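Okay, structure first, notes after.
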Amino acid sequence: MSSKTNRHENIVNPPIENEPGSYTLRSENVADSHSLFFAPDGSLRDFGAVLREVQEYISSKYSTLIIKGGRDEVKTQVKRYITKYIQDHRIAVNGMTGRQLVDALYTEMAEFSFLTKYIFGTGIEEIDINAWNDIEVQYSNGSTVKLEECFDSPEHAINVVRRMLHVSGMVLDNASPAILGHLSKNIRIAVLKTPLVDEDVGVCASIRLVNPQSLTKEDFVDGGTATGEMLDFLAQCLRYGISVCVAGATSSGKTTVAGWLLTTIPDSKRIFTIENGSRELALVRVKDGKVENSVIHTLTRSSENERQNIDQDMLLDMALRFNPEVICVGEMRSAEAYAAQEAARTGHTVLTTIHSNSCEATWRRMVTLCKRKYDMGDDTLMCLVTEAFPIVVFTKQLENKQRKMMEIMECEILPDGTRNYRTLFQFQIAENRMEGGNFIINGEHRRVEVISASLQKQFLENGMPREVLAEIMKGGPDR
């Protein structure tokens, strides 16, 4: 083995270079390895060319470490390899210090280029890649900003997205140009590449950051999402065995509402959650090193091998064998809707979300999804889903980007089998106008009707104290 090869291989703790004109690594300590002071012998070089050179070297010798990326010790090791390489080759890039160059090279090779700081930042809900040179970021406050930064080329965009998909074992190529994957348990990614998009676009992707929310009742009330009376009513529904479906479009806040509702469930009740590919809920409560409540979190698993594919329908079937008192189906998208309504009609309390554009439309959409499992009559299925989910909540993001709980509706099934839709609460808009290019929307949440006699009876049968029911009937203390 040559001495040159030895220098490159034996760099777990790179030696300090002290001859004139060399880089100086001030310490072998991990933190100090970022502090590079160098006077390169060669001329300044283009970052793209340096990246390709260093990537080829590192990938060929240390690909296993790159793929593992993320653990602190692995990250430190890879950065040491990069540091030693640029030291030995006297590499410098215009406008970058030694530390910046090492960090930038590592980010490009083992992370996700300039997107890394947005993916793992705070206050961001979604990153939309419309093309290699057109990227938008949606923030939690509802604003959308186009980034000044972009990829170097369509090929660069594809390579970075492929690294993202590698985490979930997915391969993006001409045979599989449409991919759904995840970066971690709470980051989803949907990707399209050629031939589904134009070659000069490179790749389109939607990266959804579904960080578990820890909003309080006061946060919802202060933000105008709902009133305390509305939130208390929904919490009582789950507490006393009434299944609830939260409906709305993407980014309407339905998952945030559902997540908060689950935090109101007493520690003594066993919760089983089922989510599709990525974690949006974090319900386990730990105090003094001990778990206080009873929660099982589960995730679906996609696989090209159909026999290894585990969907929400299968996990719902498993959930019934774990003695749950509350089942949360993260989102009803397909045939799992039938299993969810079956669970709700057999004594389990079910909380779920669904894409829909109104309360009444929600029950009709449930029927459509149930038919993907069994081709039953619409009337029969409507009877089943309205019995299963007597309460539907409709959430919406308004034009001014505010999220509102627009309506809470009860579907009362009358003795003759007909249905009576009762709007219990509603956000009533009094004014819509434009002012200085901004939408101004004024309105208020109002109590419209009281719950039906049949729902009152169900509450009492499920253990609700009469004084609690009386508060619900008269409007509650927050009215």
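Data overview
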item	result
Candidate set: region 88-122, residues that are of a type in the set (Gly, Ala, Ser) and part of a loop (DSSP other than H, G, I, E, B); chosen: the one nearest to Cys204 (Cα to Cα)	Gly121
Unique residue being in contact with a Leu (Cβ under 9 Å, 6 or more places away or on another chain), of a type in the set (Gly, Ala, Ser) and more than 16 Å from Val329 (Cα to Cα) when the list is Ala249, Ala258, Ala235	Ala235
Some residue of region 323-335 being of a type in the set (S, T, N, Q) and either over 26 Å from Lys269 (Cα atoms) or modelled with pLDDT under 85 (or both)	yes
Among (1) modelled with pLDDT of 95 or more; (2) open to solvent by 20 Å² or more (accessible area, probe 1.4 Å); (3) not small (Gly, Ala, Ser) - the single one Lys217 does not satisfy	(1)
Residue that is farthest from Ile429 (Cα to Cα) [pool: residues in region 355-369 that are outside any loop (DSSP other than H, G, I, E, B) and open to solvent by 20 Å² or more (accessible area, probe 1.4 Å)]	Thr368
Contacts under 7 angstrom Cβ, first residue in region 310-322 being at positive phi, partner loosely packed, with under 13 Cβ neighbours inside 10 Å and part of a helix (DSSP H, G or I), 6 or more apart	none
Test set (1) open to solvent by 30 Å² or more (accessible area, probe 1.4 Å); (2) under 14 Å from the mean Cα position of the chain (by Cα) - Gly253 fails condition number	(1)
Selected residue (criterion: nearest to Ala235 (Cα to Cα)) from residues of region 335-387 that are of a type in the set (Ser, Thr, Tyr) and within 26 Å of the chain's Cα centre (by Cα)	Thr349
Pair list, Cβ < 9 Å and 6+ apart or interchain, from region 159-176 residues that are without any contact (Cβ under 8 Å) to a residue 60 or more places away in the chain to residues that are among the polar types (S, T, N, Q) and open to solvent by less than 80 Å² (accessible area, probe 1.4 Å)	Asn159/Ser113; Val160/Ser113; Arg163/Ser113; Val167/Ser184; Gly169/Ser303; Met170/Ser176; Asn174/Thr194
Residue satisfying all of: in region 138-170; of a type in the set (Lys, Arg) and at pLDDT 85 or above; farthest from Gly48 (Cα to Cα) among these	Lys146
Long-range neighbours under 6 Å by Cβ, at least six apart or interchain, first residue touching a residue at least 24 places away in the same chain (Cβ under 8 Å) within region 94-115, second among the polar types (S, T, N, Q) and open to solvent by 20 Å² or more (accessible area, probe 1.4 Å)	Met109/Gln55
Hits in region 190-199 (condition: open to solvent by 50 Å² or more (accessible area, probe 1.4 Å) and either closer than 21 Å to Asn309 by Cβ or of a type outside the set (D, E, K, R) (or both))	Leu192, Pro195, Leu196
Subset of region 417-431 (residues that are of a type outside the set (Lys, Arg) and in contact (Cβ under 8 Å) with a residue 12 or more places away in the chain)	Gly417, Asn420, Tyr421, Thr423, Leu424, Phe425, Gln426, Phe427, Gln428, Ile429, Ala430, Glu431
Extreme residue, surrounded by the most Cβ atoms within 10 Å (Cβ to Cβ), among residues of region 298-342 that are of a type in the set (Val, Ile, Thr) and farther than 19 Å from Met170 by Cβ	Val329
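The values are calculated or read from the model by the stated rules, or taken from the named source; none is laboratory data. A quick note: this is a predicted structure, and the numbers were derived from the prediction, not measured. Backbone-built Cβ (ideal geometry, glycine too); neighbour counts: all protein chains shown. Protein only, heavy atoms only, side chains kept; ligands, DNA and RNA dropped before computing areas. Shrake-Rupley method; radii C 1.70, N 1.55, O 1.52, S 1.80 Å.
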